[in-house]
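Step one of this worksheet: look at the structure below.
The values are calculated or read from the model by the stated rules, or taken from the named source; none is laboratory data. The model shown is predicted, which means the values in this text are computed figures rather than measured ones. Heads up, the Cβs are rebuilt from the backbone with ideal geometry, glycines too, and the neighbour counts pull from every protein chain shown.
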Ligand SMILES: [Zn+2]
């Protein structure tokens, strides 16, 4: 009770001190306690290790995803959530299969294997694979100029992420169209299949998967990502031997949609329980790695936020709710299912904070809201500066919270040092060992502080 009085007084202090840009004592003390409780043991990483040990593969509709649903519900209960429940959603189900093979057939029958993986949602090749000459392009405009010349051939998209773009998400955005739309665009001109240079800045032999979108009115042709090393090998060989062929074999498959769930736990608000401050990430992950950064990190950070808030010893004014969304990667069914659940009708979401950019050092938050809200958040900047996370700028929040943000919540994306993210993203490189415990925990502390401030003071 004494703590509650202290906090209320601190709130008044904060309002009067905001104009002077001084950090009031109350919230700074909260930050100190959150940091102490976080960095002592880096619990977020312990949670991540447990998630990855028990559910290393969490592609939507898989047994691993089911395990992750049950496990994270138990974790939420364990960290002291007042209530934990799941809400249903129906998800697409696609399986990679066991054969993913590509071989360049050069002059005099010389064979050069290159490392590939099926893009998520791809149709398989016929059992014996496909074989054809290869047409290298770097844009859909290139492809359109070639038009019918690609009929029966394999289109090879080889436009790299731009390395001089500082923000790697921007660089990703400048290359990912090849992966998402490449198969459909090539199918327009009768191509037999596509190879896509992995959307990564790393130069290695690890292919990066990700979803593709077919167009119903066009043939569905098989599509694979090729490692950046493999793409360079293929490109230089084609320069010398333009008639070289590639054999591609994939045995992935699409099954019927499957029942799944979002996982939810909350600490109920004392005076405004129906006002929700959401923290979340997505529970599903690509099967090529362990989904440690993408997005096991965001999930365990959300759980850790509840643990850290619980550790303060009092409940906030508004409800703080952790949500593990299902199926961000290949369908994004979980976000809309959450937003349209009838229970939302009795609630008002004040804010939705998503962490889905990797468990790296936090730099701040992108704020998806109006300028007035951004100004309100900026009054807390001195506190976040102490965490090294004071970069609070207007920007996108996250895929899973789009509908909640459209319905009026302020959206927040945890912004992190992103230079290494696309080295691991959607690939076998995305493992527990790539996530640093202290960096991950700092992000959880930043999220907990933001959730706390909004829960106490509103926006
Ligand atoms: Zn993600």
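All but one of (1) buried (at least 19 other Cβ atoms within 10 Å of the Cβ); (2) not in a strand (DSSP E or B) hold for residue 104; state the number of the condition that does not hold.
(2)
Return the residues of the range 296-353 that are more than 27 Å from residue 34 (Cβ to Cβ), away from the ligand (no atom under 16 Å from the Cβ) and crowded, with 21+ Cβ neighbours inside 10 Å; say none if nothing qualifies.
Answer for the range 296-353, where residues must be more than 27 Å from residue 34 (Cβ to Cβ), away from the ligand (no atom under 16 Å from the Cβ) and crowded, with 21+ Cβ neighbours inside 10 Å: just 337.
Among the residues of the range 398-429, count how many are part of a helix (DSSP H, G or I), in contact with a helix residue (DSSP H, G or I) (Cβ under 7 Å, 6 or more places away or on another chain) and within 16 Å of the ligand (Cβ to nearest atom).
7
Please find, among 387, 432, the residue that is within 23 Å of residue 59 (Cα to Cα), touching a helix residue (DSSP H, G or I) at 6+ places or on another chain (Cβ under 6 Å) and away from the ligand (no atom under 15 Å from the Cβ).
From the options 387, 432, the qualifying one is 432.
On the basis of being touching a strand residue (DSSP E or B) at 6+ places or on another chain (Cβ under 8 Å), within 27 Å of residue 99 (Cα to Cα) and within 16 Å of the ligand (Cβ to nearest atom), does residue 255 make the cut?
Considered against the rule, which asks whether it is touching a strand residue (DSSP E or B) at 6+ places or on another chain (Cβ under 8 Å), within 27 Å of residue 99 (Cα to Cα) and within 16 Å of the ligand (Cβ to nearest atom), residue 255 comes out as no.
Looking only at helices (runs of 4 or more DSSP H) that lie completely in the range 1-96, which have at least 3 residues being modelled with pLDDT under 95 and either touching a strand residue (DSSP E or B) at 6+ places or on another chain (Cβ under 7 Å) or farther than 29 Å from residue 429 by Cα (or both)?
2-17, 25-39
Of the residues that sit in the range 357-384 and are within 16 Å of the ligand (Cβ to nearest atom) and in contact (Cβ under 8 Å) with a residue 60 or more places away in the chain, which one is surrounded by the fewest Cβ atoms within 10 Å (Cβ to Cβ)?
Result: 360.
Condition first: surrounded by fewer than 20 Cβ atoms within 10 Å (Cβ to Cβ), in contact (Cβ under 8 Å) with a residue 24 or more places away in the chain and on the phi < 0 side of the Ramachandran plot. Now tell me which residues in the range 35-45 satisfy that.
Hits for the range 35-45 are 35, 39.
Is it the case that some residue within the range 174-183 is surrounded by fewer than 24 Cβ atoms within 10 Å (Cβ to Cβ) and in contact (Cβ under 8 Å) with a residue 60 or more places away in the chain?
Looking through the range 174-183, none of the residues is surrounded by fewer than 24 Cβ atoms within 10 Å (Cβ to Cβ) and in contact (Cβ under 8 Å) with a residue 60 or more places away in the chain.
Given the residues 312, 308, 278, which is the only one that is at pLDDT below 95 and within 16 Å of residue 451 (Cβ to Cβ)?
Answer to the check: 312.
How do the strands (runs of 3 or more DSSP E) wholly within the range 210-278 filter down when requiring 1 or more residues that are surrounded by fewer than 24 Cβ atoms within 10 Å (Cβ to Cβ): which remain?
245-250, 253-267
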